[in-house]
């Protein structure tokens, strides 16, 4: 914003005018201290707008960092809860681009590499924060997730998180982790009902294998495997952050307008969104 006139609202999507930046951003050097957002390789900044009850993005190609210094040792001091939340955000940022309506062979390659890498390393660093090899795998997985989401978009997990993160005092990764099993289950159910012949269900079977589904793998197994991982990493449910049944209808309505929803593998009806939220409470 230092190089551009007017308030940030002029350039924000959803709640602002969505104008492109007129001038290139100042050069940016980034040093991630978690393995989560992958923002060291994305062109957007997520800003909280509490008065609107949302988190929204400021985007520009000129906001891509000029240099990213990724040092896994910087994450060694993370508490287990933060390790889990940020790591599951990175995992979600690999799963959603893989099943995205905008997936490409290039993003598929990133996701195929990154998902098993994070699934193997995250429980290790959760139990042993000083596991530097595990931290290195997480750092690489998070970087891959940033590249994947930047090119294929996200989905309903992040669509919900944009609204919930603007309304409740919850870490973004914890919201994504709490939502992930319910969204996987809801998307698969909707695809079976309305698009059973597409490739998305096969992609959910891939995800199920990568995140540890047991024998007789189906698309539905992805949600079950994600639920086991989320439970293992002691992720609290949405109600822990103050989300209640009374909030569900409004959150679902606002989430439909979130930019991340546009890449979800199938358009979800309001009733389906509400069902997902209730399942994550």
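Can you find a residue in segment 28-48 that is more than 30 Å from residue 125 (Cβ to Cβ), buried (at least 18 other Cβ atoms within 10 Å of the Cβ) and touching a strand residue (DSSP E or B) at 6+ places or on another chain (Cβ under 7 Å)?
no
Can you name every residue in segment 193-205 that is free of Cβ contacts under 8 Å to residues at least 24 places away in the same chain, exposed (fewer than 14 other Cβ atoms within 10 Å of the Cβ) and assigned to a helix (DSSP H, G or I)?
193, 202, listed by residue number.
Being over 23 Å from residue 149 (Cα atoms) and in contact (Cβ under 8 Å) with a residue 12 or more places away in the chain, is that true of even one residue in segment 206-215? Show your work before the answer.
Our first condition is that a residue be over 23 Å from residue 149 (Cα atoms); within segment 206-215, this holds for 213-215.
Right, trim to in contact (Cβ under 8 Å) with a residue 12 or more places away in the chain and you get 213.
Yes, segment 206-215 has at least one match.
Inside segment 10-49, can you point out the residues that are outside any loop (DSSP other than H, G, I, E, B) and either modelled with pLDDT of 90 or more or more than 25 Å from the chain's Cα centre (by Cα) (or both)?
Residues of segment 10-49 outside any loop (DSSP other than H, G, I, E, B): 10-11, 29-30, 39-41, 44-49.
Matches in segment 10-49: 10, 11, 29, 30, 39, 40, 41.
Do the conditions hold for residue 101, that is, is it surrounded by fewer than 20 Cβ atoms within 10 Å (Cβ to Cβ) and either free of Cβ contacts under 8 Å to residues at least 24 places away in the same chain or over 27 Å from residue 15 (Cα atoms) (or both)?
No; evaluated as a whole, the condition is false for this residue.
If you scan segment 139-161, which residues turn out to be surrounded by 21 or more Cβ atoms within 10 Å (Cβ to Cβ) and over 15 Å from the mean Cα position of the chain (by Cα)?
139
Exactly one of these conditions fails for residue 189: (1) farther than 30 Å from residue 35 by Cβ; (2) modelled with pLDDT under 95. Give me its number.
The failed condition is (2).
Which condition breaks for residue 219 when tested against (1) in a helix (DSSP H, G or I); (2) buried (at least 21 other Cβ atoms within 10 Å of the Cβ)?
(1)
Working only within segment 9-27, note down all residues that are under 19 Å from residue 259 (Cα atoms) and out of contact with any strand residue (DSSP E or B) (no Cβ under 6 Å at 6 or more places or on another chain).
9, 10, 16, 17, 18, 19, 20, 21
The values are calculated or read from the model by the stated rules, or taken from the named source; none is laboratory data. This is a predicted model, so every value here is computed, not measured. All Cβ positions, even for glycine, are placed from backbone atoms using ideal geometry, and neighbour counts span all protein chains on display.
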